[in-house]
1. If you project the alpha carbons of the range 242-292 onto their three principal axes, what span does each projection cover, largest first, in Å?
2. Compute the distance from the alpha-carbon center of the range 279-316 to that of the range 193-219, in whole Å.
3. Would you calculate the separation in nanometres between label points at residue 312 and residue 294, each defined as 7 Å from the Cα along the Cα-to-beta-carbon direction?
4. With labels modelled as points extended 7 Å from the Cα through the Cβ direction, what inter-label distance (nm, one decimal) is found for residue 6 paired with residue 345?
5. Between residue 113 and residue 33, how high is the FRET efficiency from 1/(1 + (r/R0)^6) when r is the Cβ-Cβ distance and R₀ = 56 Å? Nearest 0.05.
6. Given the DSSP H assignment, sum -39500 (n - 2.57) over each helix run of at least 4 residues in the chain and divide by its residue total; what's the result at 222 nm in deg cm²/dmol, nearest 500?
7. Expected output is a single nm value to one decimal: the length gained when fully extending between residue 369 and residue 157, i.e. 0.36 nm times separation in residues minus the C-alpha distance. What is it?
8. With the Cα gyration tensor of the chain giving a ≥ b ≥ c as the square roots of its eigenvalues, does the rule (a/c under 1.5 for rounded; else a/b larger than b/c for prolate; else oblate) give rounded, prolate or oblate?
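FYI, it's all coordinate maths here, none of it is from the lab. Everything numeric in this text was worked out from a predicted model, so none of it was measured. Because the Cβ atoms are built from the backbone with ideal geometry, glycine has one as well, and the counts that use them run over all protein chains shown.
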Ligand SMILES: Cc1ncc(COP(=O)(O)O)c(C=O)c1O
């Protein structure tokens with residue numbers, strides 16, 4: 001496999017632009033310097049637009065999970081209750097994290113199904129310090145109702161912690177309007193940067209709660225990040241991964257140049273083209289929607305047709321130089337997923353669909369070569 005000629009159509013890490021790769025080869029600098037403060041400030045400025053927030057933004061070393069752990073551990077501790085909504089792999093992760101730091105109150109739904117708001121309401125009525133939600137559940141391709149959960153959290157005075165790891169930067173995420181107290185994104189998804197950084201927004205209410213905590217995590221203490229970020233010369237409490245900051249800085253310049261509105265539209269159109277293509281190939285989408293959920297703007301998850309192992313689809317695509325994702329854990333073999341995150345283009349989507357047609361045809365599933373491409377082109381022509 002030629003790693004330099006491989007198309008990543010998976011939900012992160014995504015391919016990064018050559019100018020982003022080049023940015024990482026710049027010389028190291030003092031992280032307590034005006035140069036670093038300038039990079040940090042520039043990044044936070046663009047990220048405020050991505051998050052649609054006036055809340056403080058901090059950037060921590062570590063992938064998305066570090067941000068999730070920092071969020072839960074900084075606001076909830078022994079004796080507190082956290083309602084953890086799970087309808088997929090990453091909701092389960094929040095539940096597991098909550099169980100380590102505090103008492104998790106699980107609100108669990110079958111993976112791939114929609115969140116029942118009534119059940120969440122009942123759990124919150126019993127009293128909780130915080131509620132966690134994965135906005136874009138990457139493992140199942142569903143977009144969960146963040147605005148509605150935000151309303152419930154506000155009504156019950158709970159801190160709203162939202163994983164926006166694969167929606168921020170590729171979908172319309174309204175942190176302030178929805179009342180999200182802590183939102184998290186990973187650098188290697190829709191922002192188009194390499195893996196290794198997690199961006200977290202923190203509301204005033206969340207900061208007050210953190211100040212009242214008897215214990216918080218040491219390395220992933222969001223209050224420590226906020227204090228360092230508040231200085232006249234903003235910095236991070238511990239040594240930042242400087243090459244990754246260079247890369248994120250450059251990736252965010254690309255975000256700024258494209259503009260968030262255009263970026264969200266592009267992600268949506270490309271993902272819709274994938275959905276249209278697979279439907280034309282008689283392949284069913286995996287998520288079961290209700291009136292509050294919708295298909296993800298950044299990833300399409302499909303059921304592997306009867307008699308076909310989703311892992312084989314993934315493996316056959318890999319042989320053709322295109323990396324897609326299979327199902328995780330209990331969904332392994334049952335679904336396959338195509339991500340449209342970061343700087344993916346219509347050309348990338350069309351190549352993927354054409355190869356998928358060939359793979360499915362080879363597996364004896366479809367004799368309608370071209371139907372998927374045709375359907376995708378119709379959607380893409382709308383741009
Ligand atoms: C929705 C969601 N949350 C959290 C994570 C975990 O992020 P990371 O692997 O960057 O720690 C992922 C990774 O794919 C994700 O898709």
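1. Cα spread of the range 242-292 along its principal axes, largest to smallest: 46, 26, 21 Å.
2. 35
3. 3.6
4. According to this spin-label approximation, the distance is 2.1 nm.
5. 0.65
6. Rounded to the nearest 500, the figure is -13000 deg cm²/dmol.
7. 70.9 nm
8. Oblate shape, in that a/c is at least 1.5 and b/c is the bigger or equal ratio.
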